[in-house]
Ligand code: SF4
């Protein structure tokens, strides 16, 4: 079944960008942060490059932004 994201209780996106418990926040948390959730763009960047590369305002579904960050860093390191 898997585990929830380890950042669930301290994710800057929820703490700074969308604080509170609106219905939209609840949907995002259930879709991305719970066991078996969809792939999170924030988590992908964090796991690949480190938390300092994750913009606070990146949405969990912002796959294109995550891809651009990863590609830019890989180009720099090539
Ligand atoms: S938004 Fe992404 S990084 Fe933040 S807690 Fe949810 S799954 Fe983890």
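List the relative contact order of the chain as a percent without decimals, with contacts defined as Cα pairs under 8 Å and 6+ residues apart. Mind showing how you got there, number by number?
Working: 67 pairs, mean separation 22.3, N = 78.
It rounds to 29 percent for the chain.
Fewest to most neighbouring Cβ within 10 Å: what's the order for 76, 16? Write down the numbers at each step before the final one.
Values: 76 7, 16 10.
Lowest to highest Cβ neighbour count: 76, 16.
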Review point. What number, rounded to the nearest 500 deg cm²/dmol, is the helix-based mean residue ellipticity at 222 nm of the chain, given -39500 (n - 2.57) per DSSP H run of at least four residues and division by all its residues?
Key: -11500 deg cm²/dmol
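Based only on other Cβ atoms within 10 Å, what is the fewest-to-most ordering of 17, 52?
Values: 17 14, 52 7.
By the 10 Å Cβ count, ascending, the order reads 52, 17.
No value in this document is a laboratory result; all are computed from the given coordinates. Owing to the predicted nature of the structure, the values given are computational and were not obtained by experimental measurement. Positions of Cβ are generated from backbone atoms using ideal geometry, with glycine treated the same way; all protein chains shown enter the neighbour counts.
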